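Notes to accompany the following structure.
The values are calculated or read from the model by the stated rules, or taken from the named source; none is laboratory data. Note that the coordinates shown come from a computational prediction; the quantities given were computed from them, not determined experimentally. We place every Cβ from the backbone using ideal geometry, glycine too, and count neighbours over all the protein chains shown.
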Amino acid sequence: MNHKGTKIIETKRLILRPFRKEDAGQMFCNWASDPEVTKFLTWPTHKNIDVTRQVLESWENEYDKPENYQWAMELKEIHEPIGSISAVKTDERTESATIGYCIGRRWWGQGLTAEALRALIVFFFEEVGANCVNACHDPRNPNSGKVMKKCGMTYEGTWRGGGVNNQGVCDESWYSILKNEYQNGKEKDIWERLYGRALAVQNGRKVSDYVDAGGVAAALLTKSGRIYTGVCVDTCCTLGICAERNAIFNMLTNGEHEIEKVIAIMPDGRAGAPCGACRELMVQLMPDTYKDIEIMVDYKQRKAVTLGELTPKWWF
């Protein structure tokens, strides 16, 4: 694995960052001194702030090691750390990272721990090169398992009497996600986003006695990761345009031209393949790489084909 150390990671509501000595007061008050938070953890409740300071000092001394991963979960809204998340173990043989976390009681049930865990899953797969991210919890603390499930982890089983925490010898319920599962989930998610973006602009309507618009909507993903949408415009002459070409022109207007994925939604909600004119435009835009563009042809079954399959030979 290519270890990166405790890199700063930003999510919608959190900043995951290295701990600092000045975090001692907030760490102590927000979670480390609360026996309800530490009930199923492997480290004891801090009796006073001096213990917290000693812990932070030991963590700071380890931050220069690239294989050390210990983040403070800082809530942007209040600019305070509200919990911690870390890789408690990395294994080079299995290319795996085991994640542990805790969060102050005031922030339970708000999805913040899952938000942080998702960010670490992305980090370890895409930047560190891990093949597996796993975590475990005491079965008497089922909410921790819900966080893991919410992040796409699979329940592997329960190791009876396999661990020790503040309750003594305990069972450990293990969850994990593999890199290929993460990639497949990521792929599925982007098609859901594209479908949702196309659906959001679809609004079939009669604009005038001569023009209808919005019956078909399209969304495309560029290589930069941006999404552009467009709707069809039907006229009584040849001035109309397909939704796919409308989305492509939107993309071109914004300075991009490299397409990765395209979906077009018909009036009945099904996905449909682009017409010959839309295919031709994509071929001319990307003559050397157009065959790699993915087209969703059956959203319900998640069936996508490449433009190369639809248009194996270019007339030119």
Failed criterion for residue 60 (all others in (1) within 17 Å of residue 118 (Cβ to Cβ); (2) at pLDDT below 95 hold): (1)
Residue, surrounded by the fewest Cβ atoms within 10 Å (Cβ to Cβ), within region 87-103, restricted to residues that are small (Gly, Ala, Ser) and closer than 17 Å to residue 131 by Cα: 96
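Please specify each residue of region 1-30 satisfying the condition of being in contact with a Gly (Cβ under 6 Å, 6 or more places away or on another chain) and more than 29 Å from residue 91 (Cβ to Cβ). Before the answer, list the steps.
Taking region 1-30 first, the residues in contact with a Gly (Cβ under 6 Å, 6 or more places away or on another chain) are 1-2, 30.
Of everything in region 1-30, just one residue is in contact with a Gly (Cβ under 6 Å, 6 or more places away or on another chain) and more than 29 Å from residue 91 (Cβ to Cβ), namely 30.
Per-residue answers, yes or no, for (1) of a type in the set (Gly, Ala, Ser); (2) surrounded by 14 or more Cβ atoms within 10 Å (Cβ to Cβ); (3) part of a strand (DSSP E or B); (4) not assigned by TED's automatic domain parsing to the domain that holds residue 281:
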residue	(1), (2), (3), (4)
192	no, no, no, yes
230	yes, yes, yes, no
247	yes, yes, no, no
262	no, yes, yes, no
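Tell me yes or no: at least one residue of region 21-32 is crowded, with 17+ Cβ neighbours inside 10 Å, farther than 28 Å from residue 132 by Cβ and free of Cβ contacts under 8 Å to residues at least 24 places away in the same chain.
Just the residues of region 21-32 that are crowded, with 17+ Cβ neighbours inside 10 Å, to begin with: 23-24, 26-28, 30-32.
When the remaining residues are screened for being farther than 28 Å from residue 132 by Cβ, the result is 23-24, 26-28, 30, 32.
Narrowing the set further to residues that are free of Cβ contacts under 8 Å to residues at least 24 places away in the same chain leaves 32.
Yes, region 21-32 contains at least one residue that is crowded, with 17+ Cβ neighbours inside 10 Å, farther than 28 Å from residue 132 by Cβ and free of Cβ contacts under 8 Å to residues at least 24 places away in the same chain.
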Any hit, region 123-132, residues being in contact with a strand residue (DSSP E or B) (Cβ under 7 Å, 6 or more places away or on another chain), farther than 22 Å from residue 164 by Cβ and either in a loop (DSSP other than H, G, I, E, B) or not assigned by TED's automatic domain parsing to the domain that holds residue 23 (or both): yes
Matching entry among 45, 38, 52 (being over 21 Å from residue 117 (Cβ atoms), surrounded by 18 or more Cβ atoms within 10 Å (Cβ to Cβ), polar (S, T, N, Q) and out of contact with any Leu (no Cβ under 6 Å at 6 or more places or on another chain)): 52
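Could you please let me know if residue 168 is farther than 20 Å from residue 276 by Cα, in the same structural domain as residue 99 (by TED's automatic domain parsing), out of contact with any Pro (no Cβ under 7 Å at 6 or more places or on another chain) and surrounded by fewer than 17 Cβ atoms within 10 Å (Cβ to Cβ)?
Values: farther than 20 Å from residue 276 by Cα: yes; in the same structural domain as residue 99 (by TED's automatic domain parsing): yes; out of contact with any Pro (no Cβ under 7 Å at 6 or more places or on another chain): yes; surrounded by fewer than 17 Cβ atoms within 10 Å (Cβ to Cβ): yes.
Answer is yes for this residue.
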Which numbered condition residue 288 fails, given (1) exposed (fewer than 12 other Cβ atoms within 10 Å of the Cβ); (2) of a type in the set (D, E, K, R); (3) not in a loop (DSSP other than H, G, I, E, B): (3)
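Yes or no, residue by residue, for (1) polar (S, T, N, Q); (2) touching a Phe, Trp or Tyr at 6+ places or on another chain (Cβ under 8 Å):
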| position | (1), (2) |
| --- | --- |
| 72 | no, yes |
| 81 | no, yes |
| 86 | yes, yes |
| 92 | no, no |
| 110 | yes, no |
| 123 | no, no |
Filtered residue count, region 198-226, keeping only those that are in a strand (DSSP E or B), within 24 Å of the chain's Cα centre (by Cα) and either of a type outside the set (A, V, I, L, M, F, W, C) or not assigned by TED's automatic domain parsing to the domain that holds residue 273 (or both): 1
